[in-house]
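First the structure, in the form of structure tokens, and then the observations on it.
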Amino acid sequence: MGKLTKLTVSLGDRSYPIYIGSDLLLDIPKYLSSTDIGKKLMILTNPLLKKLYGQALLNAFESQGGWAVQLLSLPLEEKNKDLRTVEMIYEQLAKNNFDRSSSILALGGGVIGDVAGYAAAAYLRGINFFQVPTTLLAQVDSSVGGKTGVNIPEGKNLVGAFYQPKAVFIDVSTLNTLPVRELRCGLAEVVKYGVIRDKPLFELLEKKAEDLYDSPPAFKEFELKDMIVRCCGIKAAIVSKDEKEKGVRAILNYGHTVGHALEKASKHAYTHGDAVSLGMMAAAYIAEEMRLITKETVNRQREVLKNFGLPVRLPRNISLKTILTYMRRDKKIKDGVVRFVLPVRLGNVKIFAKINNAQITTALKRLSGEKG
Ligand SMILES: NC(=O)c1ccc[n+]([C@@H]2O[C@H](COP(=O)([O-])OP(=O)(O)OC[C@H]3O[C@@H](n4cnc5c(N)ncnc54)[C@H](O)[C@@H]3O)[C@@H](O)[C@H]2O)c1
């Protein structure tokens, strides 16, 4: 195991550690054996990740001894991140007599993390929950902060709970098997952290993106670890101040207002990362129109995203009207007003409540290349 970094999300008696390092997966049973949780645990994963990491983790629990571990492998994707899946998990937990001291461990990307967390939040009114994220997106963002939930036909993540994990184990080595398309999704969130809170991180990404020319993004493990530590550090600090998104935590939604609507409007043809990339461009255009940032800043954001292979232009076949309809259903809406997180300079954003339809439409038109 390489050098391990430990960060903490500080939430009083619900505080928890985030461990970040290489090859730490098989040390998890040892760590958990040293805590006072019960010895019954369910690993929730999917068939691919079972083969890549799940079976090995299960074996490690068995060699540690004293554990009753069940591995539940479901073909989990965004399209079945729903209540039916949660029900199937409950059936398994109940049939196997899981009690209040038992645990669920999410081994996978954001979909598995969100579903496992929501299942853990409500089973017997809450059992232990551990996050072992294996995508870059989940490692820099979704595994930290306790937002859990599922989709319903009317919208994405509309049913959920704030439910914090007991610990997050980020094994950077698992990214070695991640397809480039998924790596790109995570990079969109890393760019987000640069724009909202960390200008030096943004500049580092600019440098890296420049070096890439036309080749797919490739990072050394230590570079990935550095990015993950910085992003998790920002997220941990924000969540520690505002767990339930009453204030500052909303800045983490930069790019997500338009992004979530786009995911829905495109029937998930856009991945979360693609949609966030376009959403950040829409927000940057609104900020430029409001003279909060210069055209040069907008161009810098667009170049980084483009060089990482993320979309920065909306195809004309997605209707702006549909995007606006989905935006109005967004759960970040307060009293019917769509709120936008907008950059005021690189490394700093503010929340704006009074963005009107005309401003949003202008930005979306620029995004689809109709203007600007
Ligand atoms: N809770 C939060 O705070 C939060 C934040 C952001 C996003 N999300 C949610 O996260 C979800 C997206 O998560 P995601 O981008 O991780 O996608 P995902 O969970 O769908 O995973 C993407 C794909 O990568 C594969 N995969 C995962 N790890 C792998 C590995 N190491 N090697 C090879 N393949 C691997 C998976 O099998 C899957 O096919 C969305 O549902 C979104 O709403 C939640």
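Suppose every K and R has +1 on its Cβ and every D and E has -1 on its Cβ; what is the size of the dipole of segment 284-346 about the Cα centre, in Debye to the nearest 20?
Numbers: 15 positive and 6 negative charges, 39 e Å.
The dipole magnitude comes to about 180 debye.
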Exercise. Applying the Karplus parametrisation 6.51 cos²θ - 1.76 cosθ + 1.60 with θ = phi - 60° to the phi angles of segment 292-308, what ³J(HN,Hα) value in whole Hz is obtained for each residue in order, glycine and proline being reported as x?
Worked result: 7, 9, 8, 4, 4, 5, 4, 4, 4, 4, 4, 4, 4, 4, 5, 5, 7
Problem set entry | Relative packing of peptides 6-16, 180-190 - highest average C-beta neighbours within 10 Å first | 180-190, 6-16
Seminar exercise, completed: Contour minus Cα-Cα span, K6 to R345, at 0.36 nm per residue, comes to 119.0 nm
For this session: Report Rg/Rh for the chain, rounded to two decimals, where Rg is the Cα radius of gyration and Rh the Kirkwood radius.
Result: 0.97
Problem set entry | Estimated inter-spin distance, K207 and I37, nm [label 7 Å along Cα→Cβ] | 3.8 nm
Problem set entry | Over 19 Å between alpha carbons, listed pairs K81/K225; K39/K95; K40/K166 | K81/K225
Exercise. For the Cα atoms of the chain, what angle does the longest principal axis make with the long axis of helix 83-95, in degrees from 0 to 90, nearest 10?
Worked result: 10 degrees
Seminar exercise, completed: Rounded to one decimal in nm, the spacing of the 7 Å Cα→Cβ label points at D82 and K306 is 3.9 nm
Problem set entry | Estimated inter-spin distance, F162 and D242, nm [label 7 Å along Cα→Cβ] | 1.1 nm
For this session: Please tell me the relative contact order of segment 254-372 in percent, rounded to the nearest whole number, where contacts are Cα pairs under 8 Å and at least six residues apart.
Result: 31 percent
Exercise. Do you know the relative contact order of the chain, to the nearest whole percent, from alpha carbon pairs under 8 angstrom that are 6+ apart?
Worked result: 15 percent
Problem set entry | Per-residue HN-Hα couplings for segment 345-355 [Karplus 6.51, -1.76, 1.60; θ = phi - 60°; Hz; x = Gly/Pro] | 6, 4, x, 8, 10, 9, 9, 10, 9, 9, 8
Seminar exercise, completed: Ranking A94, A283, V144 by how far each Cα lies towards the positive end of the charge dipole of the chain (+1 on Lys and Arg Cβ, -1 on Asp and Glu Cβ), the top one is A283
Exercise. What's the FRET efficiency of R316 with T294 using the Cβ-Cβ distance as r and R₀ = 35 Å, to the nearest 0.05?
Worked result: 0.80
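May I ask you to list the GluC sites (Glu not before Pro) in segment 286-372 that are in a DSSP loop and have at most 13 other Cβ atoms within 10 Å of their Cβ? List each step's numbers first, then the result.
Numbers: sites: E288, E289, E296, E303, E370; in loops: E370.
In loop regions of segment 286-372 (DSSP not H, G, I, E or B), the sparsely surrounded GluC sites (Glu not before Pro) are E370.
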Exercise. Can you give the convex hull volume of the alpha carbon atoms of segment 8-127 per residue, in Å³?
Worked result: 115 Å³
Seminar exercise, completed: Under the Karplus relation with 6.51, -1.76 and 1.60 and θ = phi - 60°, whole-Hz ³J(HN,Hα) for segment 155-162, x at Gly and Pro, equal x, 7, 6, 6, 10, x, 8, 7
Seminar exercise, completed: Long-range amide H partners of G255, meaning residues 5 or more apart or on another chain whose placed amide H is closer than 5 Å, are V341
Exercise. With springs only between Cα atoms under 10 Å, which of V229, V298, V337 fluctuates most in a Gaussian network model of the chain?
Worked result: V337
Exercise. Given H placed on each backbone N at 1.01 Å, which residues far from N128 in sequence or on other chains put an amide H within less than 5 Å of it?
Worked result: S102, I104
For this session: Select from F202, A353, S319 the residue farthest towards the positive end of the dipole of the chain; place +1 on Cβ of Lys and Arg, -1 on Cβ of Asp and Glu, and compute about the Cα centre.
Result: A353
For this session: Give the angle, between 0 and 90 degrees and rounded to the nearest 10, that separates the Cα long axis of helix 55-64 from the longest principal axis of the Cα atoms of the chain.
Result: 40 degrees
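Every number in this text was worked out from the coordinates using simple rules, so none of it is lab data. Predicted, not measured: the structure shown is a model, and the values here were computed from it. Don't worry about glycine lacking a Cβ; one is built from the backbone with ideal geometry, like all the others, and counts go over all protein chains shown.
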